[in-house]
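Some notes on the structure that comes next.
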Amino acid sequence: MYVKRHYSFWMTIRWSRKSIYYGLLYSTIIVILYELTDLEFTLPWEPISVIGIAVAFYLGFKNNSSYDRTWEARKIWGAIVNDSRTFTTAILTLLEVKDEVVDKQLKKSIIYRHLAWMHALKYQLRRKKTWEHDEDPVKLDFTPTFKDNYPNELADEIKNYITEAEWKSLKAKSNISSHILKKQTEIIQQLKSEGYISDYKQVWLHQIISKLYDNQGMCERIKNFPLPRQYASTALWMNYVFCALIPFGLLNIFEASRVLHVWLTIPFGGLIIWIFFLMDRIGDYSENPFEAAYNDVPITSIARSIEIDLREMLEDDNIPAPYPVENGFLM
């Protein structure tokens, strides 16, 4: 996710440069054919502008829907931050264990298992789907640290928080994060059986686990169900049809001047085509907020900030540093 105040103008140009190149090239070809053939194939601008208005409204609908998905994803991870702090505070303050050593180890194991759940969910959400873009997280040169850390398998990371035996029981599961939460509920039941928490505290801890399940389920809904393809596809094809007509309408406007229309149709045609495809591209890159692209929700950085908070509550050692902002991006 880009975190500086603005994308620079040239960053925007580089990101959408193909639309500029193709728009200028297409407009140039139409003007050259118009000049060489003497065929009157111009079109009145009025019906083209009506199509443009329809396309603009449709792109607005698509972009709003895409933004809603991104903003919902960010709110879910905000809830994960809050629920993680609540769960950790509850574990640290509600357990009544007389043996100080056992108390510390028990609390640490439960909170570390929560960190294992969070990292398992993070990896699960980074898996590529067929409808997502082709960017490979390993090749994301704009965030070198993320590129270096991403290839580490989940096993290498999750073993820092749970035992080898527990990992062996989890690694064959299709949804590791769900089974980690299941294990947490079993531990809570065990705490109740051993007299470390009361009935009321057990119910309250289960409610927090239920919130974590809700957060995970909402993330999975966004990840596993794309913006309906008919909306994304229709916007693209409507854009192609409208942009294909633009040079013909501009020729009709500028043909009053046999000198200027050659020069004006090309830049104006390229500019309008670029603007419409840029709007489509913005929505396209907002649809999938967990795909590790330029504008996704920075769940890797959020997960690290949660880990820092929780381990500081534990007064743990070797607490990691926050991920740095690299080239204006957080991942």
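The values are calculated or read from the model by the stated rules, or taken from the named source; none is laboratory data. Remember, predicted model here, so these are calculated numbers, not experimental data. Because the Cβ atoms are built from the backbone with ideal geometry, glycine has one as well, and the counts that use them run over all protein chains shown. Accessible surface is based on the protein model in full, side chains and every heavy atom, while ligands, DNA and RNA are left aside. Shrake-Rupley method; radii C 1.70, N 1.55, O 1.52, S 1.80 Å.
Can you pull out the residues in the stretch 211-241 that are closer than 14 Å to Phe87 by Cβ and either of a type outside the set (S, T, N, Q) or at pLDDT below 95 (or both)?
First pass over the stretch 211-241, keeping only residues closer than 14 Å to Phe87 by Cβ: 211-216.
If the condition is that a residue be closer than 14 Å to Phe87 by Cβ and either of a type outside the set (S, T, N, Q) or at pLDDT below 95 (or both), then Lys211, Leu212, Tyr213, Asp214 are the ones that fit.
Filter the stretch 296-310 down to the residues that are surrounded by fewer than 18 Cβ atoms within 10 Å (Cβ to Cβ) and in contact (Cβ under 8 Å) with a residue 24 or more places away in the chain and list them by number.
Ser305, Asp309
Under the condition of being open to solvent by less than 40 Å² (accessible area, probe 1.4 Å), at pLDDT 70 or above and in a loop (DSSP other than H, G, I, E, B), which residue from the stretch 88-143 is farthest from Tyr200 (Cα to Cα)?
The residue in question is His133.
Among (1) in contact (Cβ under 8 Å) with a residue 24 or more places away in the chain; (2) in contact with a helix residue (DSSP H, G or I) (Cβ under 9 Å, 6 or more places away or on another chain), where does Glu153 come up short?
(1)
Being over 14 Å from Pro247 (Cα atoms), assigned to a helix (DSSP H, G or I) and open to solvent by less than 60 Å² (accessible area, probe 1.4 Å) narrows it down to one residue among Ile30, Ile13; which is it?
Ile13
Considering Lys4, Lys62, which residue is within 33 Å of the chain's Cα centre (by Cα), touching a residue at least 12 places away in the same chain (Cβ under 8 Å), within 27 Å of Lys223 (Cα to Cα) and not in a helix (DSSP H, G or I)?
Working: Lys62 fails: not in a helix (DSSP H, G or I).
From the options Lys4, Lys62, the qualifying one is Lys4.
May I ask you to say which residue of Met279, Met313 is hydrophobic (A, V, I, L, M, F, W, C) and either under 30 Å from Trp117 (Cβ atoms) or surrounded by 22 or more Cβ atoms within 10 Å (Cβ to Cβ) (or both)? Quick ask: steps written out before the conclusion?
Working: Met279 fails: either under 30 Å from Trp117 (Cβ atoms) or surrounded by 22 or more Cβ atoms within 10 Å (Cβ to Cβ) (or both).
Being hydrophobic (A, V, I, L, M, F, W, C) and either under 30 Å from Trp117 (Cβ atoms) or surrounded by 22 or more Cβ atoms within 10 Å (Cβ to Cβ) (or both) holds for just one of Met279, Met313, which is Met313.
With respect to Lys107, determine if the residue is more than 20 Å from the chain's Cα centre (by Cα), under 30 Å from Glu194 (Cα atoms) and not small (Gly, Ala, Ser).
On the way: more than 20 Å from the chain's Cα centre (by Cα): yes; under 30 Å from Glu194 (Cα atoms): yes; not small (Gly, Ala, Ser): yes.
It is true that Lys107 is more than 20 Å from the chain's Cα centre (by Cα), under 30 Å from Glu194 (Cα atoms) and not small (Gly, Ala, Ser).
Does the stretch 224-255 hold any residues that are among the polar types (S, T, N, Q) and within 26 Å of the chain's Cα centre (by Cα), and which are they?
Initially, the stretch 224-255 is screened for residues among the polar types (S, T, N, Q), giving 224, 230, 233-234, 239, 252.
Residues satisfying the conditions are Asn224, Gln230, Ser233, Thr234, Asn239.
Being within 28 Å of the chain's Cα centre (by Cα) and either open to solvent by less than 70 Å² (accessible area, probe 1.4 Å) or over 15 Å from Ala155 (Cβ atoms) (or both) is the filter here, so list the residues in the stretch 169-183 that pass it.
Step one: filter the stretch 169-183 for residues within 28 Å of the chain's Cα centre (by Cα), giving 170-182.
Leu170, Ser174, Asn175, Ile176, Ser177, Ser178, His179, Ile180, Leu181, Lys182, listed by residue number.
Looking only at the stretch 81-124, filter to residues that are in contact (Cβ under 8 Å) with a residue 60 or more places away in the chain and acidic (Asp, Glu); which one of those is farthest from Leu181 (Cα to Cα)?
Only one residue fits best here, namely Glu96.
Is at least one residue of the stretch 228-238 small (Gly, Ala, Ser), in a helix (DSSP H, G or I) and surrounded by 17 or more Cβ atoms within 10 Å (Cβ to Cβ)?
Here is the first cut: in the stretch 228-238, the residues small (Gly, Ala, Ser) are 232-233, 235.
Next, from what is left, pick out any that are in a helix (DSSP H, G or I): 232-233, 235.
Next, only the ones that are surrounded by 17 or more Cβ atoms within 10 Å (Cβ to Cβ) stay: 232, 235.
Taking every residue of the stretch 228-238 in turn, at least one turns out to be small (Gly, Ala, Ser), in a helix (DSSP H, G or I) and surrounded by 17 or more Cβ atoms within 10 Å (Cβ to Cβ).
Of the residues Ile273, Ile246, Ile302, Ile253, which is modelled with pLDDT under 90 and assigned to a helix (DSSP H, G or I)?
On the way: Ile273 fails: modelled with pLDDT under 90; Ile246 fails: modelled with pLDDT under 90; Ile302 fails: modelled with pLDDT under 90.
Just one listed residue meets the conditions, Ile253.
With the checklist (1) open to solvent by 60 Å² or more (accessible area, probe 1.4 Å); (2) farther than 29 Å from Ala120 by Cβ in hand, flag the one item Val203 doesn't pass.
Among (1) open to solvent by 60 Å² or more (accessible area, probe 1.4 Å); (2) farther than 29 Å from Ala120 by Cβ, the lone unmet condition for Val203 is (2).
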